[in-house]
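The structure under discussion appears below in the form of structure tokens.
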Amino acid sequence: MSLKHDPIENQLLAALAPAERVRLLPHLQLVEMSLEVPIYAPFKQIQYAYFPTSMIVSLLHVMENGATTELGLIGKEGIAGVPLFMGTKISSNWAVVQSAGYAYRLSRHILKKEFARSGTFQHLLLCYAQTLMAQISQTAVCNRHHTLSQQLCRWLLLNIDRLPDNQLNMTQELIANMLGVRREGVTEAAGAIQREGLIRYSRGRITVLDRAGLEKRVCECYRTVVNETDRIMNNAYKN
């Protein structure tokens with residue numbers, strides 16, 4: 001039986017004024033995205049924006065030596081392709097599918113045309129960009145001041161918030177790449193969290209067993225990101 005999909009599964013598309021949604025619908029293309037597929041690459045022209053419905057996109061910075069660090073996450077609450085409406089067509093970072101799933105793709109030409117109308121679409125995208133910048137800033141603070149265990153809890157919660165259930169398909173090596181740490185450190189931190197009964201990790205699948213427990217263990221950065229996102233977007237949806 002085929003799955004049913006609807007653009008309003010993405011929160012930005014759901015919040016559009018009816019006339020704007022009608023204009024965009026013919027141009028939105030449903031795409032299925034596999035794990036680790038790049039959405040766009042550094043210093044190359046971005047052709048499409050993506051409105052995730054079930055996939056998660058990771059914004060990554062790659063160093064000259066190949067080391068990586070995740071800057072932010074984009075899921076059903078947002079759009080991958082912020083540079084397209086912030087005055088440029090390129091990014092200095094990678095955008096890569098971290099959790100496979102679906103999204104609606106929109107060409108940069110249509111996005112820029114609708115953005116220039118200065119309606120709800122423009123307002124929502126600018127507000128979302130502010131939340132993404134807040135998330136990136138808080139991630140930098142977290143990576144500098146908090147333990148790997150706290151960072152892992154933050155990362156798990158932010159991912160689960162963007163998924164339909166409490167399961168995440170992710171190897172420890174990939175998690176280490178996202179957090180910019182050694183795999184051994186992730187193994188130790190995940191093992192400690194698992195022994196506390198907060199998660200179950202097996203064969204590349206992480207299941208959150210005790211979300212409340214994770215929220216007690218996590219640093220302040222998770223709640224800061226959630227609160228700031230809620231504050232900005234709730235105001236955006238009202239206006």
Practice item. For segment 145-155, just list the computed ³J(HN,Hα) in residue order, Karplus coefficients 6.51, -1.76 and 1.60, θ = phi - 60°, integers in Hz, with x standing in for Gly and Pro. Key: 10, 10, 5, 4, 4, 5, 4, 5, 4, 4, 5
Study note, to complete from the structure: Excluding residues fewer than 8 positions from K216 in its own chain, the aspartates and glutamates with Cα under 17 Å of it are D161, E196
Exercise for review: Using only alpha carbon pairs under 8 Å that are at least six residues apart, calculate the relative contact order of the chain and give it in whole percent.
Suggested key: 21
**Study point:** Inter-label distance, nm, simple model (7 Å from Cα along the C-beta direction), F43/V141
**Key:** 3.2
Study note, to complete from the structure: Straight-line reach check, K113, cutoff 28 Å on alpha carbons, 8 or more apart in-chain or any other chain, hits among lysines -> K44, K76, K89, K238
Revision key, fill the gap. Gyration tensor on Cα atoms of the chain, a ≥ b ≥ c root eigenvalues, a/c under 1.5 rounded, else prolate if a/b beats b/c, else oblate, says prolate
**Study point:** Integer Hz, Karplus 6.51/-1.76/1.60 couplings in order for segment 14-26, x for Gly and Pro
**Key:** 5, 8, 5, 5, x, 5, 5, 5, 4, 5, 7, 3, x
Check your understanding: Straight-line reach from K112: which aspartates and glutamates have a Cα under 18 Å away, not including same-chain ones fewer than 8 places off?
Key -> E20
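Each reported figure results from applying straightforward, stated rules to the coordinates on display, with no laboratory input. Computed from a predicted model, the values in this text were never measured in an experiment. Glycine also receives a Cβ, built like all others from the backbone with ideal geometry; neighbour counts cover every protein chain displayed.
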